[in-house]
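Here's the structure we're looking at; comments come further down.
The values are calculated or read from the model by the stated rules, or taken from the named source; none is laboratory data. Bear in mind the structure is a predicted one, so any value in this text is a computation, not a measurement. Cβ atoms come from the backbone with ideal geometry, glycine included; neighbour counts cover every protein chain shown. Ligands, DNA and RNA are excluded from the accessible area calculation, which covers all protein heavy atoms including side chains. Shrake-Rupley method; radii C 1.70, N 1.55, O 1.52, S 1.80 Å.
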Amino acid sequence: MADITLDKRASVAVLDKKEYKSESLFRIALRRFLRHRMAVAGSLMLLAIILFVWGGALIYTEAYANATDLLNRFAAPSAENLFGTDQVGRDIMARTIYGGQISLMIAVTAVAISVTLGTLVGLVSGYYGGGVDSLLMRFVEALLSIPPLVLLLLLSRVLAGNTDTLMVLGRQLSASVIAIILIIGLTSWMQLSRIVRAVVLTLKEQEFVMAARQQGASNARIIFAHILPNCIAPIVVAATLGVGIAIITEAYLSFLGFGVMPPTATWGNILNPAKDALDEAPWLWMAPGLLIVLTVLAINFIGDGLRDALDPRMRSG
Amino acid sequence: MGRYILRRILQAIPLLAIVSVLVFFLLKTAGDPLAYLAEDPTVTEADRALIRAQLGLNEPVFPHQFVTWLIGDDWRMRDFTGDGVPDDYGTQRGILRGDFGESIRYQRSVSDVVSDFLPNTLLLGFSAYVLTIIFSLVIGMYAALRPYTLADNLLTGGAFVTYSMPIFLIALLLVQVFAIWLDVLPVQGMYDARAAARGIREPLDLARHMILPVLSIALISIAGYSRYVRSSMLEVINSDYIRTARAKGLPQRRVVSLHALKNAALPLVTLIGLDVPFILSGAIVTETIFGWPGMGQLFINSLNFLDAPVLIFIVLMTAIAVVLMQLLTDIAYATLDPRVRYS
């Protein structure tokens, strides 16, 4: 990265003798991201959803979101229940608010796990090569040859049947939340590890790595201080798109009844009873479904924008 | 090329070994597959112990159950009555000798059970597959030929939105609109229940029941691949050889359908080929919603019953399909594109 700035400074000085205004890579990326219209729209959409999900918590309490009212089952949307009620009379609007918090938190923590794991495996595999590399990559291939949903369902059948509740950050959560985070995190790192490995393979032959090694830098220092910063672009893009995929994944699991257990709401498990009540209560899937689509759409837009903004081949823009 | 194929197949063996051993131990830690019998008042504790002994579930997972699973138990004395005294030789031959065992739930051989369900899923999957190829090519080309016009923007935008939707949401939407509001298409099963009860199975009835599930599976793929076709078509249409074809006076239709399509569709064919084994994933959700008696439902039911032999067979079958399709796609790619060589 440093050599690019130097090059520019030299050529600018020679060509037009103007003082070179240095611009960090972060600022370049930010400027190009802001020029990407859909990415900005996506960011605003995501911001609105985050406001809805955490701002709504000021209006409804979580106890209200989990409170059942059997006399008020499948109530159509009205002034009292804006999104209607579900099969046991819970207010769907309150549940989409608290469910959204859980869905987003699950997605972000799961992606944190999968990005850490994927990056580490990719770095180690690419840098050390040889036996370690082929061992890790065979394992990655084995995991990739099982359809993701099959792998997820198998794991969640093993780990997430637990219906206990836990106290996390002062909130009562179903223990299955933790299990689902682990399951999604542990099954989604393989693609990223391959990408990082490919980047490392090209980086480790370059001069700056050789220079670092000549100066006696340890392997760990070369990997984390010299190689990792150059892998950031694909990692950031994969992490962003990963959040969208994780939201959908959680929704799949909870929809099929293998995800987060009630009473804790998520966007996926609000949808779970919808398939049996389509003629009685079509509103059951509309609000959570729309929120899932909007969130994933927003994240995909942002991911697209980031990819364009961070793409080194478009550096001139 | 023969050596290339042989090497690829040999490479697949450790992969399949990892997958099957992983799934075996995963399922063995999942819990008791006979737990559902505990809720049945007609089954006594002694009965359950007997069944457990017959299935070999009272033996240690490692090494006994693992070895039985691998190479069978017809070479050693086993205790079938649960009294600690070996009674007779076993009857299983083990997975390495081609015996995938007996389904705990259906009490029939796994391959028998699977052959009941597999054709139904293949019917859904391949109909969706054909739809995907046709429509993604048509939509992608249509959009690429008029880039950045209103039609292109609408199609590309629609594809982007559809691509962000989970399959079950598309399925719910389709059911809500076509089966409930418009009430023109059936929701559940493969045949009309009343007609099926009388033993009537009409192809037309089957086709009507297929429309919604097939659309649910196909729409997302169509959205994804039409975007892909559009961008590869845009790339091709601006290349020199297309300009040459136009310059020598060929009509637009011929340039597009013959010269451009060939190169634009090439990556698509191979990409979709890699997707075939993942039909199962789509089937799990769609078949649950539409009550379609296929592999997806078999998988979910077996998962609920912890029917390990069936689950291992399904996972292994999918993994083999993945490996095979990868090999076939690579060969197809090298055959279709002379620039690619085997290595």
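Tabulated values for the structure
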{"read-out": "Residue match in region B:29-37 (condition: open to solvent by 80 Å² or more (accessible area, probe 1.4 Å) and in a loop (DSSP other than H, G, I, E, B))", "value": "yes"}
{"read-out": "Residue in region B:159-176 that is surrounded by fewer than 18 Cβ atoms within 10 Å (Cβ to Cβ) and either farther than 24 Å from A:Leu253 by Cα or away from chain A (no Cβ under 14 Å) (or both) present", "value": "no"}
{"read-out": "In region A:61-98, the residues that are surrounded by fewer than 22 Cβ atoms within 10 Å (Cβ to Cβ), of a type in the set (A, V, I, L, M) and under 13 Å from A:Pro282 (Cα atoms)", "value": "A:Ala75, A:Ala76"}
{"read-out": "Meets criteria (surrounded by 17 or more Cβ atoms within 10 Å (Cβ to Cβ) and of a type in the set (A, V, I, L, M, F, W, C)) for B:Ala49", "value": "no"}
{"read-out": "Candidates B:Ser226, B:Ser232, filtered to the one that is in a helix (DSSP H, G or I), open to solvent by less than 60 Å² (accessible area, probe 1.4 Å), at pLDDT 90 or above and hydroxyl-bearing (Ser, Thr, Tyr)", "value": "B:Ser226"}
{"read-out": "A:Ser174, sole failed condition from (1) within 14 Å of chain B (Cβ to nearest Cβ); (2) touching a Ser or Thr at 6+ places or on another chain (Cβ under 9 Å); (3) over 19 Å from A:Ile223 (Cβ atoms)", "value": "(1)"}
{"read-out": "Members of region B:310-343 found to be at the interface with chain A (Cβ under 10 Å from one of its Cβ atoms), of a type in the set (S, T, N, Q) and open to solvent by less than 30 Å² (accessible area, probe 1.4 Å), listed by number", "value": "B:Thr318"}
{"read-out": "Where B:Met190 falls short, out of the listed (1) within 14 Å of chain A (Cβ to nearest Cβ); (2) crowded, with 19+ Cβ neighbours inside 10 Å; (3) assigned to a loop (DSSP other than H, G, I, E, B)", "value": "(1)"}
{"read-out": "Residue within region B:8-18 that is at pLDDT below 85, away from chain A (no Cβ under 14 Å) and either open to solvent by less than 40 Å² (accessible area, probe 1.4 Å) or assigned to a helix (DSSP H, G or I) (or both) present", "value": "no"}
{"read-out": "Residues satisfying the stated conditions in region A:6-33, i.e. assigned to a helix (DSSP H, G or I) and either at pLDDT 90 or above or basic (Lys, Arg) (or both)", "value": "A:Lys8, A:Arg9, A:Arg27, A:Arg31, A:Arg32"}
{"read-out": "Sole exception among (1) within 11 Å of another protein chain (Cβ to nearest Cβ); (2) touching a residue at least 12 places away in the same chain (Cβ under 8 Å); (3) surrounded by fewer than 18 Cβ atoms within 10 Å (Cβ to Cβ) for B:Thr288, by number", "value": "(3)"}
{"read-out": "Answer residue from region B:293-306, given it is in contact (Cβ under 8 Å) with a residue 40 or more places away in the chain and surrounded by 24 or more Cβ atoms within 10 Å (Cβ to Cβ) and is farthest from B:Ser216 (Cα to Cα) among those", "value": "B:Ser302"}
{"read-out": "From A:Gly244, A:Gly259, residue being within 14 Å of chain B (Cβ to nearest Cβ), crowded, with 20+ Cβ neighbours inside 10 Å, touching an Asp or Glu at 6+ places or on another chain (Cβ under 7 Å) and not in a strand (DSSP E or B)", "value": "A:Gly259"}
{"read-out": "Those residues of region A:178-196 which are closer than 17 Å to A:Val236 by Cβ and part of a helix (DSSP H, G or I), in sequence order", "value": "A:Gln191, A:Leu192, A:Ser193, A:Arg194, A:Ile195, A:Val196"}
{"read-out": "Selection count where residues are more than 12 Å from B:Gly140 (Cβ to Cβ), aliphatic (A, V, I, L, M) and open to solvent by 40 Å² or more (accessible area, probe 1.4 Å), scope region B:255-270", "value": "2"}
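Residue-by-condition table, conditions (1) in contact with a helix residue (DSSP H, G or I) (Cβ under 8 Å, 6 or more places away or on another chain); (2) within 29 Å of A:Leu290 (Cβ to Cβ); (3) part of a helix (DSSP H, G or I):
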position	(1), (2), (3)
B:Phe80	yes, no, no
B:Pro86	no, no, no
B:Phe117	yes, no, yes
B:Asp152	yes, yes, yes
B:Ala159	yes, yes, yes
B:Met165	yes, yes, no
B:Ala171	yes, yes, yes
B:Val175	yes, yes, yes
